[in-house]
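Scroll down for the structure; my scribbles are underneath it.
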Amino acid sequence: MPVNLSAYLSLKKELHHRSATLVAVSKTKPVEDIEALYAAGQRDFGENYVQELCEKQLRLPADIRWHFIGHLQRNKVKYIAPFIHLIHGVDSESLLKEIDKEGRKNNRIIDCLLQMHIAREETKFGLDNAELTELLVKLPNYPNARVVGLMGMASFTTDENLIRSEFHSLSRTSQTIRTSQTIQTLSMGMSNDFRIALEEGSNLVRIGSLLFGEREKINGA
Ligand SMILES: *Cc1c(COP(=O)(O)O)cnc(C)c1O
């Protein structure tokens, strides 16, 4: 299925109005699809498998800003540390510590988002508010892993009220921690729920299928 350029252009316009960043989620899609969006001006791309990301990063232009949006295992941080633009799914101190260590090795500061658990489902990763509070006081220990905001995924449901209430609560949490200039990003919203997310205050959306078409169900992605 070809990349949907008209959907891309109208989405870009809509997000520009709201000063929100678009991360084009290209997981499972070939480099040719990424090149097509790149040619149309897109620079932020999201992937959720380390090996796939590293292979694509080698083959594609160096000015792409790569976002890691999946669940990151500690032993894989080293592979993406040299180039990653933003790691969205940090949900433990041990992962933050590893990112800090690899950031220092690579002589760079790696931007991160703390992933919050907002969905009803048990399976989704993320911190609760108490764990967030605990982790926030420890951030100064990890200067090479810079927390710039929060990320969350709503329940997988057609119940828009539930989705809205989950985004709303994440947005409230994000307001309370936006005390410093560095913590400003709120990553929420995917193809099926990004409009609700924007209405609730998201400033970064992660959109895959709307741009690239439906994915084959491989590796459970
Ligand atoms: C796959 C994925 C997306 C994009 O999902 P679409 O429904 O295709 O837009 C966004 N965020 C995360 C964390 C993902 O894993």
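The values are calculated or read from the model by the stated rules, or taken from the named source; none is laboratory data. Predicted, not measured: the structure shown is a model, and the values here were computed from it. Don't worry about glycine lacking a Cβ; one is built from the backbone with ideal geometry, like all the others, and counts go over all protein chains shown. Only protein heavy atoms, including side chains, enter the accessible area calculation; ligands, DNA and RNA are left aside. Shrake-Rupley method; radii C 1.70, N 1.55, O 1.52, S 1.80 Å.
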Most packed first (mean Cβ within 10 Å per residue), the peptides 171-180, 18-27 order as 18-27, 171-180
Ignoring ligands, DNA and RNA, what percent of the 1.4 Å accessible area of the chain is carbon and sulfur? 49 percent
Taking the Cα centre of each part, how many Å lie between segment 11-74 and segment 122-178? 22 Å
Please list 3J(HN,Hα) in residue order for segment 78-87, calculated via the Karplus relation 6.51 cos²θ - 1.76 cosθ + 1.60 where θ = phi - 60°; whole Hz, with x for glycine and proline. 4, 6, 9, 4, x, 9, 5, 8, 7, 9
Specify whether the C-alpha gyration tensor of the chain places it in the rounded, prolate or oblate class, a ≥ b ≥ c being the square roots of the eigenvalues: rounded for a/c under 1.5, otherwise prolate if a/b is larger than b/c and oblate if not. oblate
In terms of modelled amide H atoms, which long-range or inter-chain residues lie less than 5 Å from the amide H of residue 65? 44, 45
Report ³J(HN,Hα) in whole Hz for each residue of segment 19-28, in order, from the Karplus equation J = 6.51 cos²θ - 1.76 cosθ + 1.60 where θ = phi - 60°; Gly and Pro get x. 6, 10, 8, 9, 9, 7, 8, 9, 3, 6
Let's see if you can work this out: charge +1 on each Lys and Arg Cβ, -1 on each Asp and Glu Cβ, no other charges. What is the dipole magnitude of segment 5-211 about its Cα centre, in debye to the nearest 20? 640 debye
Counting helices only, and only those DSSP H runs with n ≥ 4, report the 222 nm mean residue ellipticity of the chain as the sum of -39,500 (n - 2.57) divided by its residues, in deg cm²/dmol to the nearest 500. -11000 deg cm²/dmol
Using modelled backbone amide H atoms (1.01 Å from N, in-plane), which distant-in-sequence or interchain residues come within less than 5 Å of residue 204's amide H? 21, 186, 188
Mind grabbing the accessible area of residue 32 for me, 1.4 Å probe, Å², rounded to tens? 110 Å²
Of the listed links 27/138; 29/97; 27/78; 27/97, those spanning more than 23 angstrom between alpha carbons are 27/138; 29/97; 27/97
